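Enquirer: Provided herewith is a single structure, encoded as structure tokens, for subsequent inquiry.
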């Protein structure tokens with residue numbers, strides 16, 4: 001089988017991709033030529049409500065749905081990777097994850113742009129009470 005999408009190592013090296021591209025799907029091609037895809041879009045947290053970004057009068061609270069800790073979608077990446085592995089995988093998951101774990105333990109150098117992105121995001125998340 002051939003994977004047609006980035007792997008875990010790629011995601012470890014480029015963490016902004018996960019934040020900016022919350023839609024997560026994977027295309028596959030089996031050795032027999034059969035193709036398919038899996039869609040694991042982000043989901044709202046279980047505690048989310050339809051009115052969570054509105055004030056008591058039903059008006060939108062500016063910035064609360066885009067610039068706070070409440071403006072989060074839970075990525076489906078991890079669930080998708082394990083689902084693909086369960087259905088198609090031949091390697092042990094411990095082997096697949098070794099390079100990712102090594103990067104997490106060592107850390108990854110980031111550019112000034114990536115550092116600024118995370119710093120600004122951190123500061124914005126604490127502007128609002130949750």
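Bear in mind that the values in this text are calculations on the coordinates, not laboratory data. These figures come from a predicted structure and were not determined experimentally. Note: ideal-geometry Cβ built from the backbone for every residue, glycine included; neighbour counts use all protein chains shown.
Enquirer: What's the FRET efficiency of residue 37 with residue 108 using the Cβ-Cβ distance as r and R₀ = 25 Å, to the nearest 0.05?
Expert: Result of the calculation: an efficiency of 0.30.
Enquirer: Something else about it: Please arrange 126, 40, 88 by counting, for each residue, the other beta carbons lying within 10 Å of its beta carbon, fewest first.
Expert: Placing the least packed residue first, the sequence is 126, 88, 40.
Enquirer: Fewest first, what order do 81, 113 take by the number of other Cβ atoms within 10 Å?
Expert: Listed from fewest to most nearby Cβ atoms, that is 113, 81.
Enquirer: Sticking with this structure for a sec: Mind giving me the nanometre distance, one decimal, between the label points for residue 29 and residue 116, set 7 Å out from Cα along Cα→Cβ?
Expert: Reported label-point gap for residue 29 and residue 116 is 3.9 nm.
Enquirer: Would you mind ranking 101, 96 so that the residue whose beta carbon has the fewest other beta carbons within 10 Å leads the list?
Expert: Going from sparsest to densest Cβ surroundings: 101, 96.
Enquirer: Between Rg and the Kirkwood Rh of segment 28-74, both from Cα atoms, what is the Rg to Rh ratio?
Expert: Ratio value, two decimals: 1.34.
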